[in-house]
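As structure tokens, the structure follows; a few thoughts come after it.
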Amino acid sequence: MNWISGIQKAVDYVEAHITEELDFSEIAKQAYSSSFHFQRVFSILCGFTLGDYIRMRRLSLAGSELAATDTRILDIAVKYGYDTQASFSRALTRFHGVTPSQIRSGANLKSFSRLSVKLILNGGNMMDYRIETKDAFKIICKKISVSCKKELTTAEISDFWRQCGTDGTISALCKYIPENNAFDGCIVGASFGKDASDTNFPYGIGAHYNGATVTEKDFTVEEIPAHTYAVFRCVGAMPEAFNKLYQQIYSEFFPASEYQPCGGTDFEAYPSADVSDPGYTCEIWVAVEKK
């Protein structure tokens, strides 16, 4: 399944279960993707998060139902996932710009339409990439677990990077990088996929491992299976350049390429922390397979 049809299948699932409690990992499964990866790419491609899409669709539908029926406000609130009438009324007012009573009196509503994913050919963009086939290797990293079932916030990952940059983690990782390494001496962000419990997504900050004895208690050594990677060079200040490149990868490269994402461990390789430099250069490694 290609990424475009995968997103549409996930959106169709959301719409079919819009009044139910939605499990974000189940939504991502419709696109044969991890929750972490799906949510991140969805927000880059669509310009809003998966959670925002769900909230706006629910409030759009709830407003229409409120205007067209005499169903109690509390019952509509519960139907669309709100615990109290007060919280529902606040959200509805922020979205539509009018109160529930004004909606009942015929006030104008805002509509957020159902997402329909289409492949639009626009082109001429140059992408600097290469295909790398790697044998199995090991990385050493510090990991956190992000819930697969809930909405992902970029703050979780950003805060983790800030923490590792100030508590000595990144400096400690550097001493384990071998002379000949997969990422040219870079520190990497590693997106592993689901853990054994199938409820969390492990994300790590690490480096190619040289085999030395590990002295840090919060570091783990992870075996990375043999994979083929599409490696994309990203140039520019973060996060703008990063987001633009991810959008190109999934809206231009994969639809036209003989490759597709395969759900392996993906990496983002950073040579330094000077990410605001307009000439900053890093790499995105996406595990791929042939279609």
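The values are calculated or read from the model by the stated rules, or taken from the named source; none is laboratory data. Predicted model, so just to flag it, every value in this text is computed and none were measured. All Cβ positions, glycine included, derive from the backbone under ideal geometry; neighbour counts span all protein chains shown.
Taking the range 128-157, which residues are more than 18 Å from VAL286 (Cβ to Cβ) and part of a strand (DSSP E or B)?
LYS138, ILE140, CYS141, LYS142, LYS143, ILE144, SER145, VAL146, SER147
Filtering the range 180-215 down to residues that are at positive phi and of a type in the set (D, E, K, R), which residue is modelled with the lowest pLDDT?
That would be ASP198.
Given the options SER43, SER33, name the one that is crowded, with 18+ Cβ neighbours inside 10 Å, assigned to a helix (DSSP H, G or I) and not assigned by TED's automatic domain parsing to the domain that holds THR153.
None of the other options fit; the residue is SER43.
Have a look at LEU59, LEU92 and point out the one that is crowded, with 19+ Cβ neighbours inside 10 Å, in contact with a His (Cβ under 9 Å, 6 or more places away or on another chain) and at negative phi.
Of the residues listed, the single one that is crowded, with 19+ Cβ neighbours inside 10 Å, in contact with a His (Cβ under 9 Å, 6 or more places away or on another chain) and at negative phi is LEU59.
Would the range 245-255 turn up any residue that is of a type in the set (Gly, Ala, Ser), surrounded by 13 or more Cβ atoms within 10 Å (Cβ to Cβ), modelled with pLDDT of 90 or more and outside any loop (DSSP other than H, G, I, E, B)?
no
Look at ASN181 and say whether it is among the polar types (S, T, N, Q), surrounded by fewer than 18 Cβ atoms within 10 Å (Cβ to Cβ) and closer than 30 Å to GLU26 by Cα.
no
Hey, does the range 95-111 have a residue that's under 27 Å from LEU50 (Cβ atoms), under 33 Å from the mean Cα position of the chain (by Cα), of a type in the set (Gly, Ala, Ser) and not assigned by TED's automatic domain parsing to the domain that holds PHE42?
Restricting attention to the range 95-111, the residues satisfying the condition of being under 27 Å from LEU50 (Cβ atoms) are 95-98, 100, 103, 109-111.
Of the ones still in play, those that are also under 33 Å from the mean Cα position of the chain (by Cα) are 95-98, 109-111.
Filter once more, keeping what is of a type in the set (Gly, Ala, Ser): 97, 111.
From what is left, the residues that are not assigned by TED's automatic domain parsing to the domain that holds PHE42 are 111.
Yes: the range 95-111 contains one or more residues that are under 27 Å from LEU50 (Cβ atoms), under 33 Å from the mean Cα position of the chain (by Cα), of a type in the set (Gly, Ala, Ser) and not assigned by TED's automatic domain parsing to the domain that holds PHE42.
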